[in-house]
1. Within region A:191-208, does at least one residue satisfy the condition of being at pLDDT below 50 and open to solvent by less than 80 Å² (accessible area, probe 1.4 Å)?
2. Which one of these does residue A:102 not meet: (1) facing chain B (nearest Cβ under 7 Å); (2) free of Cβ contacts under 8 Å to residues at least 60 places away in the same chain; (3) away from ligand 2 (no atom under 15 Å from the Cβ); (4) buried (at least 17 other Cβ atoms within 10 Å of the Cβ)?
3. Within region A:10-31, can one find any residue that is buried (at least 17 other Cβ atoms within 10 Å of the Cβ) and away from chain B (no Cβ under 13 Å)?
4. Test of understanding: among A:40, A:35, which residue is open to solvent by 60 Å² or more (accessible area, probe 1.4 Å), away from ligand 2 (no atom under 16 Å from the Cβ) and not basic (Lys, Arg)?
5. Just give me the residues in region B:39-62 being of a type outside the set (A, V, I, L, M) and open to solvent by 20 Å² or more (accessible area, probe 1.4 Å), in sequence order.
6. Criterion first (of a type in the set (A, V, I, L, M, F, W, C) and within 14 Å of another protein chain (Cβ to nearest Cβ)) does residue A:51 satisfy it?
Amino acid sequence: MQITTVDTNCLADAVLEGDRLALARLLTEVENDTAAGREALDMLFPRTGQAHIIGITGAPGAGKSSLVNQIARHYRSLPEPGKPRVAIIGVDPSSPFTGGAVLGDRVRMRDLVGDPGIFIRSMAARGALGGLAQTTAAVVQVFDAAGFSVILVETVGAGQAEVDIARLAHTTLVVEAPGMGDDIQAIKAGILEIADILVVNKADRPGADNAERILRNMLELGHPTDTLYHHPHCPEPENPFNEVDAGPGETRRPDQEVWLPPVIRTVATRGTGTPELVDAIQRHAEYLRRTGEWKSRDQNRIQTELFERLKKALVSHWRSRVDDQAYGEALTDLTERRISPYQAIQRLLEAK
Amino acid sequence: MAERKIRVLVTKPGLDGHDRGAKVVARALRDAGMEVIYTGLRQTPEMIAEAALQEDVDAVGLSILSGAHMALVPRVINLMRANGQENVLVFVGGIIPEPDVRHLLEIGVAAVYGPGSSTASIVEDIRKYVLGEKPIAQN
Ligand SMILES: Nc1nc2c(ncn2[C@@H]2O[C@H](COP(=O)(O)OP(=O)(O)OP(=O)(O)O)[C@@H](O)[C@H]2O)c(=O)[nH]1
Ligand SMILES: [Mg+2]
């Protein structure tokens, strides 16, 4: 391994100066959740909150990577003021048996090579089930602090409602493709609820009309125009702070604008529909800013993250204080059915 | 918490369209618990060096069947050095004549695996290198 000891200050500084090797190494530290990575994140955190985080989810093979390729190209073809630097994170599954992974999203991103305004990083999910790796959010923060103002995150694409991405991203794209026989399946899995923009990719294939019609029908059902309910972006996170502060966006005023997810057709292999898609992404960003939802999503995300970290920290803090023997005894009593799980918890929380 | 995974770029430079060998190696490394970044066919040395940098890999495997190894491999190595990645292990797979093998080893390739090589030995070599920075067995 080339870096055994890392000078965190140097690494974070070098990243801010635009050093790409330092960025790559810091991403590794952050991905591995090392002490060096955490320290760098502490330093970089005040600089985050600038980027537009865009999630791309959808069934395997729907064309997510090909679309990411086109979206990034489009952003990079914009005229100079307002031409964003683009970071891409492609998440692929890890093998549950060996922990290894083959990360193949780069195969479809060959057009992006040689542009210093683009940085592509592949991540393995490493056992996480929600479509992202545990440290994907932290990797996003590094890119954000490093000045990438558009961050595209491609999920594993299990075809399930990947709630994690809806929580992480400002704008979530759900990609469907005709003829995959899973249109209805995906809708059942609740994937529409997380979509800010729906993409019917592979529009060059037969069945695109049908897929689009099904999606539009489902959307109409999901968005009755005469109610005040906003579609729930993601299920309420398990979070004690929500009781204290419901946060804006949870309750919707009758006069508040509602975003109806547009359905956009694309042929990602050729770039057809990309301008319309990027236009929809931009309109969504403007909508979020106009309505204050940008801020409330940010707040929700930060709260969820804080809570998740707090949970982990509390457990490991508690575990370091509780006596191994007391823990072992409680476990034995539990397995022998001498006490119930609740009684075990009671005892362990009181144990010293 | 801190999980250290070996990351390997498996790639196919040059113009030949056979990626079976590369895929076999990619799968073997995955089955050995490594994270393999697979780029697909027809990669230029520039594309390979850029991917190696962005992915911060421990090792780069080049599968070359086109016979263009003497043109491609030195360029990949030079670009990686220019990027500050001189410590990344580079290995080559393919049918490569003995004198060329010697030359590749001289310019910094760690190992050349011919058609008879077992994937297990590749796994072993990468592990040894990454964990201990030991020079690996050469064949
Ligand atoms: N005909 C057609 N094929 C497409 C289109 N978009 C992507 N493909 C092809 O579909 C296959 C899968 O594309 P990817 O972009 O890798 O799909 P993905 O959703 O990223 O796949 P995973 O990451 O493996 O889940 C590739 O062979 C693409 O060339 C399209 O618009 N039309
Ligand atoms: Mg993909």
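The values are calculated or read from the model by the stated rules, or taken from the named source; none is laboratory data. Quantities reported herein were computed from a predicted structural model and do not represent experimental measurements. All Cβ positions, glycine included, derive from the backbone under ideal geometry; neighbour counts span all protein chains shown. These accessible areas exclude ligands, DNA and RNA; they are computed on the full protein's heavy atoms, side chains included. Shrake-Rupley method; radii C 1.70, N 1.55, O 1.52, S 1.80 Å.
1. Here is the first cut: in region A:191-208, the residues at pLDDT below 50 are none.
For region A:191-208, residues at pLDDT below 50 and open to solvent by less than 80 Å² (accessible area, probe 1.4 Å): absent.
2. Among (1) facing chain B (nearest Cβ under 7 Å); (2) free of Cβ contacts under 8 Å to residues at least 60 places away in the same chain; (3) away from ligand 2 (no atom under 15 Å from the Cβ); (4) buried (at least 17 other Cβ atoms within 10 Å of the Cβ), residue A:102 violates only (3).
3. Yes - at least one qualifying residue is present in region A:10-31.
4. Values: A:40 fails: open to solvent by 60 Å² or more (accessible area, probe 1.4 Å).
Result of the check over A:40, A:35: A:35.
5. Kept after step one, since they are of a type outside the set (A, V, I, L, M), are these residues of region B:39-62: B:39-40, B:42-46, B:50, B:54-56, B:58, B:61.
Matches in region B:39-62: B:42, B:44, B:46, B:50.
6. Working: of a type in the set (A, V, I, L, M, F, W, C): yes; within 14 Å of another protein chain (Cβ to nearest Cβ): no.
So residue A:51 does not fit the description; no.
Conditions (1) within 23 Å of residue A:280 (Cα to Cα); (2) outside the structural domain of residue A:39 (by TED's automatic domain parsing); (3) away from ligand 2 (no atom under 16 Å from the Cβ); (4) open to solvent by less than 10 Å² (accessible area, probe 1.4 Å), marked per residue:
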| site | (1), (2), (3), (4) |
| --- | --- |
| A:129 | no, yes, yes, no |
| A:135 | no, yes, yes, no |
| A:152 | yes, yes, no, yes |
| A:171 | yes, yes, yes, yes |
| A:175 | yes, yes, no, yes |
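Residues checked against (1) out of contact with any helix residue (DSSP H, G or I) (no Cβ under 9 Å at 6 or more places or on another chain); (2) more than 16 Å from ligand 1 (Cβ to nearest atom); (3) assigned to a strand (DSSP E or B):
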position	(1), (2), (3)
A:71	no, no, no
A:80	yes, yes, no
A:115	no, yes, no
A:123	no, no, yes
